1. What angle, in degrees between 0 and 90 and rounded to the nearest 10, separates the Cα long axis of helix 69-79 from the longest principal axis of the Cα atoms of the chain?
2. Need the full-extension length gain, SER70 to ALA57, defined as separation in residues times 0.36 nm minus the C-alpha distance. One decimal, nm.
3. Could you line up ARG62, ARG28, ARG50 from fewest to most neighbouring Cβ atoms inside 10 Å?
4. Placing +1 at every Lys and Arg Cβ and -1 at every Asp and Glu Cβ, with all other atoms neutral, what dipole size does the range 2-79 have around its Cα centre, in debye to the nearest 20?
5. Is it possible to state the helix-based mean residue ellipticity at 222 nm for the chain, with each DSSP H run of 4+ residues giving -39500 (n - 2.57), the sum divided by total residues, to the nearest 500 deg cm²/dmol? What is it?
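Laboratory data are not the source of any read-out in this text; all were calculated from the coordinates shown. This structure is a prediction, so every number in the text was calculated from the model and none was measured. Note that we place each Cβ from the backbone using ideal geometry, even for glycine, and neighbour counts take in every protein chain shown.
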Amino acid sequence: EIVTLALRGASPELAESALSAIGARSRRMIESELGQGSEGIALADIMAARKRISVAAIRLSREGAFELPSMQTATAAEAA
């Protein structure tokens, strides 16, 4: 639900990038919901969903679950 809300109004490239990491069944469900449009959904709710995902990604990165791309770029620049 959070991902669907966060992807409302996103560029097709961003949506595809996010959806490519999701299982086929969930992806189809999200695409179906996104196809219904964004009418009646408050921009504040969309932005709050995006913030929740961003905060979770930063927290997981700090915990070592994965490395954010910006950190990979910074590490490569430091090594050069």
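1. So the inclination is approximately 10 degrees.
2. Difference between extended and current length: 3.4 nm.
3. Listing ARG62, ARG28, ARG50 from fewest to most nearby Cβ atoms yields ARG62, ARG28, ARG50.
4. 240
5. Result for the chain: -21500 deg cm²/dmol, rounded to the nearest 500.
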